[in-house]
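Participant: Below: one structure in structure tokens.
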Amino acid sequence: MLCPVCKAESLQSVKLNDGPQAHCCSHCQGHWITAEDYWQWMQAHGDVLPEKAPSSTAPPPVEDDNTRRAKLCPNCDRLLAKYRLHPELPFRLDHCGHCGGVWLDSQEWDALKDRNLHDEIYQLITPHHQKQLQLENSRRHFEQRYQERFGTDDYAEIRRIKKWLWENPNRQDLLTYLNDEEPYIA
Ligand SMILES: [Zn+2]
Ligand SMILES: [Zn+2]
């Protein structure tokens with residue numbers, strides 16, 4: 001099996017840190033994990049661990065020109081699909097929709113393990129989770145935009161007012177009152 005990044009290097013069988021059997025590239029340190037090896041490991045691993053905040057203060061790995069490129073499955077030569085896994089993890093995992101294997105670039109396994117996400121890789125790439133992730137990314141994007149626009153204090157204040165307003169049964173009348181420059185003149 002050839003490395004899908006380096007192409008010339010052949011993958012060597014290794015055991016991942018607290019993880020399944022994998023095939024590692026000695027040049028780029030990426031790992032190929034077959035679906036069989038992953039599920040076999042998951043059976044021994046037991047229940048999925050709850051997600052946790054990372055203990056490492058090192059920034060998570062980012063894609064570079066080599067790892068960003070489209071890759072071919074080292075097992076069946078099909079194009080691997082890329083999936084984001086978490087709003088705070090900037091890299092994407094490569095998955096073969098045909099044989100089910102996954103490719104992790106250097107340090108990506110450790111970054112997932114540091115958040116207890118290493119034992120739910122296949123749940124993270126389901127359409128349901130991918131949709132949730134998109135919504136979360138969108139929410140974070142707009143939150144940042146509003147904070148920049150209004151400033152942190154005003155943004156906190158308008159959020160407080162908005163919540164109060166939306167929970168208030170008189171919402172429509174309150175909004176009309178607010179919008180009216182001269183609400184005391186008939
Ligand atoms: Zn490689
Ligand atoms: Zn494949």
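The values are calculated or read from the model by the stated rules, or taken from the named source; none is laboratory data. Quick caveat, the model's predicted, so the values are computed rather than measured. Reconstructed Cβ throughout: ideal geometry from the backbone, glycine too, with neighbour counts over all protein chains shown.
Participant: Out of D65, D77, I need the residue that is on the phi > 0 side of the Ramachandran plot and out of contact with any strand residue (DSSP E or B) (no Cβ under 7 Å at 6 or more places or on another chain). Which one? Give the derivation first.
Facilitator: Working: D65 fails: on the phi > 0 side of the Ramachandran plot.
Being on the phi > 0 side of the Ramachandran plot and out of contact with any strand residue (DSSP E or B) (no Cβ under 7 Å at 6 or more places or on another chain) holds for just one of D65, D77, which is D77.
Participant: Something else about it: What number goes with the only condition from (1) more than 15 Å from ligand 1 (Cβ to nearest atom); (2) within 20 Å of R92 (Cβ to Cβ); (3) touching a residue at least 40 places away in the same chain (Cβ under 8 Å); (4) surrounded by 13 or more Cβ atoms within 10 Å (Cβ to Cβ) that P61 does not pass?
Facilitator: (1)
Participant: If you don't mind, there's one more thing I want to ask. Which count do you get for residues in region 26-58 that are touching a residue at least 24 places away in the same chain (Cβ under 8 Å) and either within 16 Å of ligand 1 (Cβ to nearest atom) or among the basic types (K, R) (or both)?
Facilitator: 8
Participant: Restricted to region 3-15, and to residues that are at pLDDT 95 or above and aliphatic (A, V, I, L, M), which residue is nearest to ligand 1 (Cβ to nearest atom)?
Facilitator: Only one residue tops the list, namely V5.
Participant: Among what's in region 16-25 and is surrounded by fewer than 20 Cβ atoms within 10 Å (Cβ to Cβ) and in a loop (DSSP other than H, G, I, E, B), pick the residue that is farthest from ligand 1 (Cβ to nearest atom).
Facilitator: Ranking the qualifying residues of region 16-25, first place goes to D18.
Participant: Here is a further query. Being assigned to a helix (DSSP H, G or I) and within 17 Å of the chain's Cα centre (by Cα), is that true of even one residue in region 61-68? First the steps, then the outcome.
Facilitator: Going through region 61-68, the residues assigned to a helix (DSSP H, G or I) turn out to be 65-68.
When the remaining residues are screened for being within 17 Å of the chain's Cα centre (by Cα), the result is 67-68.
Checked region 61-68: at least one residue is assigned to a helix (DSSP H, G or I) and within 17 Å of the chain's Cα centre (by Cα).
Participant: Which condition number does E120 fail, the rest of (1) modelled with pLDDT under 95; (2) under 19 Å from Q40 (Cβ atoms) being met?
Facilitator: (1)
Participant: For region 35-50, state whether one or more residues are modelled with pLDDT of 95 or more, of a type in the set (A, V, I, L, M, F, W, C), more than 16 Å from ligand 2 (Cβ to nearest atom) and touching a strand residue (DSSP E or B) at 6+ places or on another chain (Cβ under 8 Å).
Facilitator: Yes, because at least one residue in region 35-50 is modelled with pLDDT of 95 or more, of a type in the set (A, V, I, L, M, F, W, C), more than 16 Å from ligand 2 (Cβ to nearest atom) and touching a strand residue (DSSP E or B) at 6+ places or on another chain (Cβ under 8 Å).
Participant: Also, quick follow-up: Out of S106, S56, which single residue is more than 28 Å from A8 (Cβ to Cβ) and out of contact with any Phe, Trp or Tyr (no Cβ under 7 Å at 6 or more places or on another chain)?
Facilitator: Numbers: S106 fails: more than 28 Å from A8 (Cβ to Cβ).
None of the others qualify; the one that does is S56.
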